[in-house]
Structures are given as C-alpha cells and as structure tokens.
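Comments concern the structure below.
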Amino acid sequence: MSEHYRARGLELNDARLRMATLPWDGLGDGDGTDGGRCSTLTTEGLWVPLLAVSPDVNDDLGGVWVLPGIPSLFRRMVEAHRTLLPRGAVAATEVVYSNKGEGEIAARLAAVAEAHPTVRIGSYPNVGYRIASGGGGGDGCVDDGPATAESHRVKVELGSRDVEALAAAAAQVRDVMLGISGGADEGALRQPPPSSVA
C-alpha cells in the first residue's frame with residue numbers, strides 16, 4: 001500500500017491506512033489457538049488484498065471472502081483467484097413480461113411462490129409504460145400488443161438453484177398470465193430463454 005500511494009504521489013494518511021486493517025489469525029485473542037484464521041492473497045498489479053476468513057484455524061482458506069467494492073478491482077481479483085474460490089450450485093433465472101398491472105397479478109404470483117418455496121419470485125413494474133387518457137388497461141395504462149423487454153407493464157423474474165422447480169414455477173406463472181387474460185395475451189408472454197449465473 002505504501003508503494004502504491006508513493007507511486008501516485010499521495011500521502012498515506014490515517015484514513016487510507018484504515019483500509020489496511022485486517023483480522024488477525026485467531027480472530028480471538030490473536031494467538032491463533034482459539035478462533036479462525038485470515039489469509040491474505042495478493043493479485044499482481046493490485047495493492048488491495050483478497051481476504052479469506054475461516055472460522056477454523058485448521059482450514060487453509062475460509063468460507064468468507066472479502067473483496068473490494070470497486071467493480072474493476074473485484075473482477076481482476078476474482079479472475080486471478082478463480083480456482084481457489086468455492087463454487088456452489090448454479091443459480092438460474094427466467095423472466096416473464098406482462099401487460100397486466102401488478103395489482104392484477106400479485107395474489108396469483110403469491111400463490112405460485114407459496115407452491116414453490118425454493119423459487120424466488122419478484123415483480124417489477126415498468127414506471128415508463130405508456131399512459132392512456134381513457135384507459136383500456138384498467139388503471140389508465142395502454143394494454144395493447146405483446147409484452148416485451150422494451151414494452152411491458154410488469155417484469156416477473158424467477159430465480160432458483162433448483163432448475164426443475166424453476167421451470168415448474170415459470171410455467172405456472174405463464175398459466176396465471178393466460179388465465180387473467182383469457183388466453184388472448186399468449187404472445188405477450190414470450191420471454192428470453194433462461195439465463196444462468198454461477
């Protein structure tokens with residue numbers, strides 16, 4: 001850290017030194033016998049370390065990883081230490097767009113969520129949706145044409161680490177949307193294919 005700030009011509013003051021405060025081995029009284037352990041990993045070209053904190057002093061690398069909030073530093077550190085980072089189950093998402101108002105679908109989405117407890121379901125209204133003077137959508141919103149990523153009243157996002165439960169919940173959400181519209185809005189329910197994130 002000293003080298004980093006010296007090269008930039010900046011003073012290494014108390015506020016900057018605070019960023020160098022790290023947990024010590026032991027995480028208890030500091031002797032390494034009664035608590036966990038903190039390992040620091042360096043990334044070539046970066047001044048900030050990656051911390052791996054373990055609740056067990058015998059573990060090589062822990063279950064808590066402390067990374068910087070600056071996206072460019074975060075990305076470089078994850079790339080540099082990718083093989084060391086633990087990998088869990090893959091999380092998948094599906095998105096359904098609707099031209100129905102959030103109030104029209106909320107109770108039915110809640111029922112889907114209750115039936116699929118391993119699936120996270122969120123609904124997000126599009127505040128920029130076109131407003132009509134005479135209505136047509138029940139609450140003043142235009143309700144014509146298919147819902148798409150560019151033109152929709154509500155985006156329903158489903159996510160889960162259980163891909164079978166996710167597929168079942170997404171199918172049920174589509175059925176809910178068709179039930180509300182009487183089947184007339186089938187084209188409005190087209191969505192992009194599921195995406196996965198590690």
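Some notes on this structure:
- Long-range neighbours under 7 Å by Cβ, at least six apart or interchain, first residue closer than 14 Å to R75 by Cα within region 40-63, second of a type in the set (S, T, N, Q) and at pLDDT 75 or above: P49/T40; P49/T42; L50/T43
- Residue check, L61 among the hydrophobic types (A, V, I, L, M, F, W, C), modelled with pLDDT of 75 or more and part of a loop (DSSP other than H, G, I, E, B): no
- Residue within region 94-101 that is among the basic types (K, R), at pLDDT below 85 and assigned by TED's automatic domain parsing to the domain that holds V154 present: yes
Table: residues versus (1) touching a helix residue (DSSP H, G or I) at 6+ places or on another chain (Cβ under 6 Å); (2) surrounded by fewer than 18 Cβ atoms within 10 Å (Cβ to Cβ); (3) at negative phi.
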| position | (1), (2), (3) |
| --- | --- |
| Y97 | no, no, yes |
| K100 | yes, no, yes |
| A111 | no, yes, yes |
| R120 | no, yes, yes |
| N126 | no, no, yes |
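- Matching residues in region 172-198 - criterion: being at pLDDT 50 or above and within 22 Å of the chain's Cα centre (by Cα): V173
- Residue list for region 69-109, restricted to those being in a loop (DSSP other than H, G, I, E, B) and under 30 Å from G45 (Cα atoms): G69, I70, H81, R82, T83, L84, L85, P86, R87, G88
The values are calculated or read from the model by the stated rules, or taken from the named source; none is laboratory data. Only a predicted model underlies this, so the values are computations on that prediction, with no experimental measurement involved. Glycine also receives a Cβ, built like all others from the backbone with ideal geometry; neighbour counts cover every protein chain displayed.
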